[in-house]
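Written below as structure tokens is the structure these notes are about.
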Amino acid sequence: MSELLVTADGPVLRVVFNRPAQHNALTWAMWDGLYDACERADADPAIKLLVLSGAGGRAFVAGTDIGQFSEFTDGADGVAYERKVQRIIDRLERVKVPTMAVVQGYCVGGGLVVAAACDLRLAVPGARFGAPIAKTLGNCLSMNTYSLLVHHLGPARTLDMLLRARMYTAEEAHAAGFAAELCDLDELPARQAGIEERLLSHAPLSMWAVKEAVRRLRVANLPDGDDIVTTVFGSDDFHAAVPAFLAKEKMAWRGR
């Protein structure tokens, strides 16, 4: 079965991350498939809405598959990875129709970034949001991702989430404005359908205009961060942390 399910449901293009046994952790092929889904949404005039969700109910997306980081040899690999992710996240953010992430369970790391690049987020009480890399891999995020999180959460919450490796509850995400809607699991189908119906009834160009204006405001002064990524992904800590994480061993951080 495909790791990424992309289907047109009338005017709605539905993308389902489909590795439930791995909490829908993203493979390189899934990242590429997300880019292709964005292309499809813009190429088909019948598509008026893009909706992302995770299979299995335990996770939206629990980050990028950690095993793939075993291939990295130096900081340049980290830069290449973050540029690849930024290209896809930028494409998702630029989709002309409204985009919505429907979040059940873990929305972590790369999954948090994907959700943040969507226009709206609908969550259930069991959802958890975060990027606990300070206690797992010892890597870092791209400047674009930091910008997205500060844009949605503000600098104080972003620092709190990342420095303390905190997982925000759905209630905290809703209070912060990150989750536009919060509903019980049994209410999710009806609430999702109601949001979709409302968006489909609105003026497409008006919605595109606000999406594009907000995106341009966010990226207007986005600085380069390749030096940060090179330093962290090229560190001894990161290269020791990946095998330690995969072996479920405790990591002793050295700061170099």
| Spacing of the two label points (7 Å from each Cα toward its C-beta) at Lys248 and Arg87, in nm | 3.6
| query | Long-range amide H contacts for Gly109: which residues qualify at under 5 Å (H placed 1.01 Å from N, peptide plane, sequence gap of 5 or more or a different chain)? | reply | Gly130, Ala131
| query | Ratio of the range 69-196's C-alpha Rg to 2.2 N^0.38 Å, to two decimals? | reply | 1.09
| query | Distance from the Cα centre of the range 141-165 to that of the range 20-96, in angstrom? | reply | 19
| request: May I have the extent of the alpha carbons of the range 1-150 along their three principal axes, as whole Å values ordered from largest to smallest? | output: 44, 34, 31
| remark: Both in Å, the radius of gyration and Dmax of the C-alpha trace of the range 23-85 are 14.4, 44
| message | Could you tell me the calculated FRET efficiency between Arg164 and Trp208, based on Cβ-Cβ distance and R0 = 45 angstrom, to the nearest 0.05? | response | 0.75
| task | Under a cut-off of 17 Å between alpha-carbon atoms, report the lysines in cross-link reach of Lys250, not counting same-chain residues fewer than 8 places apart. | result | Lys135
| task | Starting with the fewest neighbours, write out Glu82, Glu39, Glu172 ranked by other beta-carbon atoms found within 10 Å of each beta-carbon. | result | Glu39, Glu172, Glu82
| query | What do the square roots of 5 times the Cα gyration tensor eigenvalues come to for the chain, in whole Å, largest first, as semi-axes of the equivalent ellipsoid? | reply | 30, 19, 18
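With a cut-off of 8 Å between alpha carbons and a minimum separation of six or more residues, what is the relative contact order of the chain in percent?
Numbers: 453 pairs, mean separation 50.4, N = 256.
Relative contact order, the chain: 20 percent.
Students often check this: by mean Cβ neighbours within 10 Å, which of 5-14, 93-102 ranks highest, and how do the rest follow?
Numbers: 5-14: 15.0, 93-102: 22.3.
The densest-packed peptide leads the list: 93-102, 5-14.
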| request: Would you work out the charge dipole size for the chain about its Cα centre, treating the Cβ of every Lys and Arg as +1 and the Cβ of every Asp and Glu as -1, and quote it to the nearest 20 debye? | output: 360
| Rg to Rh quotient for the range 112-256, alpha carbon positions, Kirkwood Rh | 1.04
| said: I'd like the per residue volume of the convex hull spanned by the Cα atoms of the range 186-256, given in cubic angstrom. | reply: 180
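Values quoted throughout were computed directly from the atomic coordinates according to the rules given, and no laboratory measurement underlies them. As the structure is a prediction and not an experimental result, all values here were calculated from the model. In this analysis, Cβ positions are derived from the backbone assuming ideal geometry, glycine residues included, and neighbour counts consider all displayed protein chains.
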